Amino acid sequence: MQSILHFINGEERPAESGSWIDVHEPATGLVYAQLADGDARDVDSATEAAHQAFPVWRALGVEGRSRILLKLADLIERDLEMFVAAESRDNGKPLSLARKVDIPRAVANIRFFATAILHFASEAHIMDDVALNYTDRQPIGVAGCISPWNLPLYLFTWKVAPALAAGNCVVAKPSEITPLTASMLGRLCNEAGMPPGVFNVVQGIGSKVGAAITSHPRIPAISFTGGTRTGAEIARVAAPMFKKLSLELGGKNPVLVFADCDFERMLSTTIHSSFRNQGQICLCGSRILIERNIYSRFRHAFVERTKALRVGDPKDHASDLGAVVSKDHMEKVLSYVALAKEEGGEVLCGGKQVRLDGALAGGWYLEPTVIEGLGPACRTNQEEIFGPVVTLQPFDNEEHALALANDTPYGLASVVWTQDISRSQRVVRNLRSGIVWVNCWMVRDLRTPFGGMKQSGVGREGGTEALRFFTEAKNVCIRY
Ligand code: NAD
């Protein structure tokens, strides 16, 4: 059985506790690895190593750091197939998705920040005949990075890469449900020539390792992606310690379909925005709002397309959906389908567990599910399900569409489908979400700000936003 270890001070190590956590393969439901069960002692060692390494890493300067990070990106690319297989096995996602999206985007994240730092500039404010102000942005020291299970390496690198590029050392924690690919980075960091202690991974559960990172007095910045409830707990602990905090949290994203849209394009993209990665992407659109005069056309076409999706072995090229990440998560999603029925919803397709044969008989597979007949206020339309489940609601006009779209505590992403440019601008302006896609979905430019409003988070990642988060601004005023 494979052991998944910490990576601290340039070395792979078991946990101080000597205990292990079972890691499951969602495709089969079987335990396939043992994970180091870390705690505050391991976080202490990693933090100490990071502090020791900080002056060395900082002294390399932007060009030195950039070179090492670019090398790291090349090495992941060299080992791409290994990472792809590991991500799919650990998470249950189709191999083809890991190959097309997860691992290439992780490589792109690292390359992007390795080069962005070379162009990172700061402001000067000149007061005529009085003084010159300039803003000096220096790394914070040691950054804590905590990430979720849905896009394991992709979201992990989205934090770690800007933190490192900006000159910080990192104590990072991937999800205990999908720890594998983050654990594979350590060896490559060594190979890329990164000094020991710059990048540390402490494995284990959130309430021990995550909590120890959050409350550690020598980790002054926390970048977190995960559930809203966990984000609230992190803020409760970290805010009174005056830590810098970036919180990327849950969503309940609306897709607004106007009658004048390019119907075929909208339909194929909406199938992806609903069910890609088994609906386990924070950016998936889970509430589809459709203009009433095309509601039945949409409903018919969408249900047909959904029924044609194949749920199967993640390794099989023909599978559109693989397994969901865990038994608990599968049960949570199924409990929401039951709730939707109790609330008066009608399941138009899906709604059940899929049972595969042979080695996959114990795996956690779900049918893609479409539900209609529910109003905006019910729990099914208010709470994040984070699985292959969407609801359909008709709307009468722009105002009605916006009222439905904005009627949740979340505000992460929205999708708008219309050919009318004026309407798209009116609607976009009034949507309460941090990201809006018009006539597309998941098109990502890494320079753009990424994050949510309301209970979807605080702060933004991406581009200069991330580099600013991972640096401390100091204004220097020089009198003429
Ligand atoms: P989660 O909040 O359960 O866990 C996320 C991470 O936090 C894990 O590494 C976990 O071990 C750790 N953690 C748990 N308790 C902790 C604590 N008390 N202190 C510190 N760390 C702790 O989330 P999840 O189930 O892994 O991921 C799914 C959630 O993530 C969904 O809500 C989804 O919307 C959200 N998400 C958001 C974004 C975004 O960019 N906004 C992206 C992906 C996922």
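Points to keep in mind about this one:
- Checklist (1) in contact (Cβ under 8 Å) with a residue 40 or more places away in the chain; (2) assigned by TED's automatic domain parsing to the domain that holds PHE386 applied to ILE234, failing item: (2)
- Answer residue from the range 432-473, given it is away from the ligand (no atom under 16 Å from the Cβ) and either outside any helix (DSSP H, G or I) or assigned by TED's automatic domain parsing to the domain that holds ILE288 (or both) and is most open to solvent (accessible area, probe 1.4 Å) among those: ARG447
- Elements of type strands (runs of 3 or more DSSP E) contained in the range 307-422, each with 2 or more residues being surrounded by fewer than 19 Cβ atoms within 10 Å (Cβ to Cβ): 346-349
- Yes/no for GLN425 being outside any loop (DSSP other than H, G, I, E, B) and over 19 Å from LEU309 (Cα atoms): yes
This table checks each residue for (1) more than 14 Å from the ligand (Cβ to nearest atom); (2) modelled with pLDDT under 95; (3) under 30 Å from GLY92 (Cα atoms).
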position: ASN133; (1), (2), (3): yes, no, no
position: ASP136; (1), (2), (3): yes, no, no
position: ILE140; (1), (2), (3): yes, no, no
position: THR157; (1), (2), (3): no, no, yes
position: ALA163; (1), (2), (3): yes, no, yes
position: VAL171; (1), (2), (3): no, no, yes
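- Any hit, the range 32-53, residues being open to solvent by less than 10 Å² (accessible area, probe 1.4 Å), modelled with pLDDT of 95 or more, of a type in the set (Ser, Thr, Tyr) and within 19 Å of LEU185 (Cβ to Cβ): yes
- Taking strands (runs of 3 or more DSSP E) as the structural unit, those lying wholly within the range 1-103 and holding at least 2 residues that are under 26 Å from the mean Cα position of the chain (by Cα) and acidic (Asp, Glu) correspond to 20-25.
- If you go through the range 253-268 and pick out every residue that is small (Gly, Ala, Ser) and either assigned to a helix (DSSP H, G or I) or free of Cβ contacts under 8 Å to residues at least 12 places away in the same chain (or both), you end up with 1.
- Cβ separations smaller than 6 Å between residues 6+ apart or across chains give the following pairs from the range 58-73 residues that are at pLDDT 95 or above to residues that are basic (Lys, Arg) and in a helix (DSSP H, G or I): ALA73/ARG111.
- Residue list for the range 273-306, restricted to those being among the aliphatic types (A, V, I, L, M), touching a residue at least 60 places away in the same chain (Cβ under 8 Å) and assigned to a helix (DSSP H, G or I): VAL303
- You will find that of ALA40, ALA49, ALA86, the residue that is in contact with a strand residue (DSSP E or B) (Cβ under 6 Å, 6 or more places away or on another chain) and among the aliphatic types (A, V, I, L, M) is ALA49 and no other.
- Checking SER215 against (1) more than 7 Å from the ligand (Cβ to nearest atom); (2) touching a residue at least 12 places away in the same chain (Cβ under 8 Å); (3) under 24 Å from LEU151 (Cβ atoms), the condition it does not meet: (3)
The values are calculated or read from the model by the stated rules, or taken from the named source; none is laboratory data. Just so it is clear, the structure is predicted and the values come from calculations on it, not from any experiment. Every residue, glycine among them, receives a Cβ derived from its backbone with ideal geometry; neighbour counts consider all protein chains shown. Quick note on the areas: whole protein, heavy atoms, side chains included, nothing else; ligands and nucleic acids left out. Shrake-Rupley method; radii C 1.70, N 1.55, O 1.52, S 1.80 Å.
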